[in-house]
Structures are given as structure tokens and as C-alpha cells.
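One structure is given here, and the rest of the page talks about it.
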Amino acid sequence: MVLSVENVAKSYGRNKVLKDVSFQMQASGLYGIVGENGSGKSTLLKIIVGELKPDNGLITAECRLGYCPQNTLLFSQLTVEEHFKYFAAAYKIDKEIYYKQSEYLMDYFNFKKYLNFKISNLSGGTQQKLNLAIALLHKPDLLILDEPYSGFDWDTYLKFWNLTHQLREEGCSILVVSHLITEKERFDTIFNLNSGQLS
């Protein structure tokens with residue numbers, strides 16, 4: 001088991017956003033959580049990755065976690081290459097592993113021509129690709145993706161699904177959270193989050 005969410009609840013004042021949410025993820029699995037805007041998806045994600053504390057419940061995730069939020073965590077005045085180096089230092093990645101992984105990701109997402117571009121000069125779609133690449137830099141065991149293909153062109157969209165297949169073969173589990181999930185046949189399990197509860 002890679003992730004266990006047990007009886008998680010969260011309220012903002014009288015608004016009960018999450019009510020006794022529980023689910024588990026196994027190694028190499030592809031899981032989805034779908035729900036309308038305001039259904040509690042973002043709150044649940046922030047609790048899983050440690051940005052928020054639940055009012056009740058327990059999260060167990062003894063693994064390397066990669067998180068790709070919907071809003072990119074990028075610095076407008078840094079270049080693409082500087083982002084790779086910055087997050088490699090933050091993750092304390094061994095130099096040899098960093099070199100191999102960064103080269104692979106740069107090739108896969110076609111970043112080499114943008115290495116010296118500042119983020120402020122990149123399109124939204126390219127920024128989203130970089131956001132995903134950074135989440136993968138330390139080779140996580142669990143990858144959590146919030147609206148991951150928003151802004152992707154068709155070629156990147158196809159590459160995204162090829163990448164999920166490859167990651168699963170390597171033992172990585174993936175959680176996709178979205179208001180709309182396509183390619184449903186690719187998923188092992190899809191949960192529906194409605195009125196703060198999973199079904």
C-alpha cells in the first residue's frame with residue numbers, strides 16, 4: 001500500500017467540505033478522483049500532501065511524493081535550467097541521478113530549446129509541462145496530479161498518457177484529480193467526490 005486515507009474530515013466554519021473520506025492506493029496503480037468545482041478536491045489534495053491539517057482522520061504515505069498542483073509552483077524570473085537545479089537541491093538529489101533524470105525529462109518534454117528562457121517568457125502549456133517535470137525530478141513513488149492536462153496540446157496530452165504507463169511499469173502510483181476524467185479505461189479505480197464524500 002502506497003497511500004492510506006482514513007476517515008478524513010475538514011470543515012471551514014459550518015461548511016463541512018470533507019466528511020469521513022477514506023480510500024487506499026496500491027503500488028503501480030492509476031487512480032482518479034473526479035468532482036465538480038467546490039466538491040472538496042483541492043482541500044483533499046492539500047491534506048494528502050501536508051499543506052492542510054484535517055480536523056479528523058489519518059493520512060499514511062511512507063513514500064517519495066511528487067505533487068503537481070494546478071497552479072504552477074514556478075518562479076517567473078528563473079530559467080528552465082535554474083528550476084531543475086533549484087528543485088534538485090531542494091530534493092537533495094544525488095548529482096548522478098539528477099543528471100540522468102533531468103536529461104531524460106528535458107528530452108521527453110522537449111525543454112532543451114527553452115533551457116535559458118525565463119518562465120515569464122514561456123507559454124502556459126510549457127509552464128505546465130515544466131510543473132510536471134519538476135514533480136518527477138526525484139523519481140517519486142506516488143505522483144499526485146491536480147488537473148494535469150489543463151493547457152496541454154495534443155502531442156503533450158498523448159505523451160502524458162505514455163508517461164503514466166511507463167511510470168506504472170516502474171512501480172509508481174498515480175492519483176489524477178480533476179473535474180473531468182477522460183480515458184477512463186486506463187484507470188484501475190475512479191472515485192467520485194460529491195458533497196464531501198467519496199463513492
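So if I check each of Gly125, Gly151, which one is at pLDDT below 95 and over 27 Å from Leu3 (Cβ atoms)?
Working: Gly151 fails: over 27 Å from Leu3 (Cβ atoms).
Exactly one of Gly125, Gly151 is at pLDDT below 95 and over 27 Å from Leu3 (Cβ atoms), namely Gly125.
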I'd like the full set of residues that are surrounded by 17 or more Cβ atoms within 10 Å (Cβ to Cβ) and closer than 15 Å to Thr79 by Cα, limited to segment 109-126. Phe111, Tyr114, Ile119, Leu122, Thr126
Name, by its number, the condition in (1) in a loop (DSSP other than H, G, I, E, B); (2) over 18 Å from the mean Cα position of the chain (by Cα); (3) under 27 Å from Ile134 (Cα atoms) that does not hold for Lys85. (1)
Could you tell me how many of the residues in segment 65-108 are surrounded by 14 or more Cβ atoms within 10 Å (Cβ to Cβ), of a type outside the set (A, V, I, L, M) and in contact with a strand residue (DSSP E or B) (Cβ under 7 Å, 6 or more places away or on another chain)? 6
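Being without any contact (Cβ under 8 Å) to a residue 12 or more places away in the chain and either part of a loop (DSSP other than H, G, I, E, B) or not assigned by TED's automatic domain parsing to the domain that holds Asp146 (or both) is the filter; apply it to segment 1-58 and report the residue that is nearest to Gln197 (Cα to Cα). Steps first, please.
The initial filter retains those residues of segment 1-58 that are without any contact (Cβ under 8 Å) to a residue 12 or more places away in the chain, namely 12-15, 38, 46, 50-51, 53.
In the following step, the residues that additionally are either part of a loop (DSSP other than H, G, I, E, B) or not assigned by TED's automatic domain parsing to the domain that holds Asp146 (or both) were identified as 13-14, 38, 50-51, 53.
Working: Gly13: 18, Arg14: 16, Gly38: 12, Gly50: 20, Glu51: 20, Lys53: 17 Å.
Taking the candidates together, the pick is Gly38.
Given Gly171, Gly196, which one is more than 21 Å from Lys85 (Cα to Cα), crowded, with 19+ Cβ neighbours inside 10 Å and small (Gly, Ala, Ser)?
Working: Gly171 fails: crowded, with 19+ Cβ neighbours inside 10 Å.
Just a single option satisfies the conditions, and that option is Gly196.
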Among the numbered criteria (1) in contact (Cβ under 8 Å) with a residue 12 or more places away in the chain; (2) outside the structural domain of Gly32 (by TED's automatic domain parsing), which one does Asp153 miss? (2)
Working only within segment 19-58, note down all residues that are in contact with a helix residue (DSSP H, G or I) (Cβ under 6 Å, 6 or more places away or on another chain) and either among the charged types (D, E, K, R) or surrounded by fewer than 17 Cβ atoms within 10 Å (Cβ to Cβ) (or both). Ser28, Leu52
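If you check Leu143 against the conditions, is it touching a residue at least 60 places away in the same chain (Cβ under 8 Å) and either assigned to a loop (DSSP other than H, G, I, E, B) or surrounded by fewer than 17 Cβ atoms within 10 Å (Cβ to Cβ) (or both)? Talk me through it step by step, then tell me what you get.
Values: touching a residue at least 60 places away in the same chain (Cβ under 8 Å): yes; either assigned to a loop (DSSP other than H, G, I, E, B) or surrounded by fewer than 17 Cβ atoms within 10 Å (Cβ to Cβ) (or both): no.
Taking the combined requirement at face value, the residue does not satisfy it.
The values are calculated or read from the model by the stated rules, or taken from the named source; none is laboratory data. Small disclaimer: the values here were computed from a predicted structure and weren't measured. Every residue, glycine as well, gets a Cβ built from its backbone with ideal geometry; the counts of neighbours run over all protein chains shown.
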